[in-house]
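**Student:** Got a structure for you, questions after.
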Amino acid sequence: MQESGTISETEIAQFDKLAAEWWAPRGPMRALHEMNPLRATWIVDRVNRHGMVPGTLLDVGCGAGLLAEALAAKGIPVLGLDAAPAAIAAAQAHAEGRDLPLSYRLGRVEELVAEGQRFPVVTALEVIEHVPDAEAFVAALADLVVPGGLLFVSTMNRSLRALLTAKIGAEYVVRLLPRGTHDWRRFVPPKRLAAMLHTAGLRVTDSAGLSFDPMRGRWRESRDLSVNYIMAAAK
């Protein structure tokens, strides 16, 4: 199986197995369901502040469409891209009949780059930790952003706390995620992500921690980037 560049056949197979359960709020994607409103709101707020020219948003690694549908429901035209066939099929099936400005495509970022496609906003949430070559992936994402556009990337910090909570705790203790979902060695420290974005010709404009509040039972924006975090960058 291919394990180099911006795609991992092993990861694709793993997420394809989850396609039928992707939209179950209490299923294996429960954490993403609970985090999704915060992620979508954070992105839309930054896009509005930036004063972007209207256009289609590209959601890379869209899976079965959790973020793509949430953004489309806010009136943003969205193209969801993923290399996992079953996930794309699940996304299309879930969106059917909803009359949203939303479409999906099976494929890789390099294919869109080769076609010369560009977008005012590109998102890649919880994806970079699943690709073999993070630098190549960020470079390809940057190529897909128009000058003056925005790129949003979210991932997990390669910290001891992330290992204990996002990997061991989530997969083996409380079983919030299927075992083997993450490889802690591929988690990305914020400084490294910022450096990759800079190398790709982007300027970091904002970042925030995505933190779970156990008292309120929901996710909230914070300054704590030690586990889950999101970063915005302008071209």
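**Student:** Find the residue count for the stretch 55-75, including only residues that are over 10 Å from Ala124 (Cβ atoms) and in contact with a Gly (Cβ under 7 Å, 6 or more places away or on another chain).
**Tutor:** Residues that pass the stated criteria total 2.
**Student:** Something else about it: Restricting to the stretch 7-36, give me the number of residues that are assigned to a loop (DSSP other than H, G, I, E, B), modelled with pLDDT under 80 and under 15 Å from the mean Cα position of the chain (by Cα).
**Tutor:** 1
**Student:** On the given criteria, is Arg185 at pLDDT below 95 and either assigned to a loop (DSSP other than H, G, I, E, B) or small (Gly, Ala, Ser) (or both)?
**Tutor:** no
**Student:** Say whether the condition of being at pLDDT 95 or above, not basic (Lys, Arg) and not in a strand (DSSP E or B) is met by at least one residue in the stretch 143-158.
**Tutor:** Yes: one or more hits.
**Student:** Hey, another quick one. Return the pair list, or none, for Cβ contacts closer than 6 Å from residues in the stretch 89-114 that are within 18 Å of Val145 (Cα to Cα) and modelled with pLDDT of 95 or more to residues that are in a helix (DSSP H, G or I) and charged (D, E, K, R), at least 6 apart or on different chains.
**Tutor:** If the second residue must be in a helix (DSSP H, G or I) and charged (D, E, K, R), the pairs left are Val113/Asp143.
**Student:** Out of curiosity, is Glu34 surrounded by fewer than 17 Cβ atoms within 10 Å (Cβ to Cβ), in contact with a Gly (Cβ under 9 Å, 6 or more places away or on another chain) and touching a residue at least 24 places away in the same chain (Cβ under 8 Å)?
**Tutor:** So Glu34 fits the description; yes.
**Student:** Would you check if there is a residue in the stretch 56-72 being touching an Asp or Glu at 6+ places or on another chain (Cβ under 6 Å) and surrounded by fewer than 23 Cβ atoms within 10 Å (Cβ to Cβ)?
**Tutor:** No, because not a single residue in the stretch 56-72 is touching an Asp or Glu at 6+ places or on another chain (Cβ under 6 Å) and surrounded by fewer than 23 Cβ atoms within 10 Å (Cβ to Cβ).
The values are calculated or read from the model by the stated rules, or taken from the named source; none is laboratory data. Only a predicted model underlies this, so the values are computations on that prediction, with no experimental measurement involved. Please note: Cβ atoms are built from the backbone with ideal geometry, for glycine as well, and neighbour counts cover all protein chains shown.
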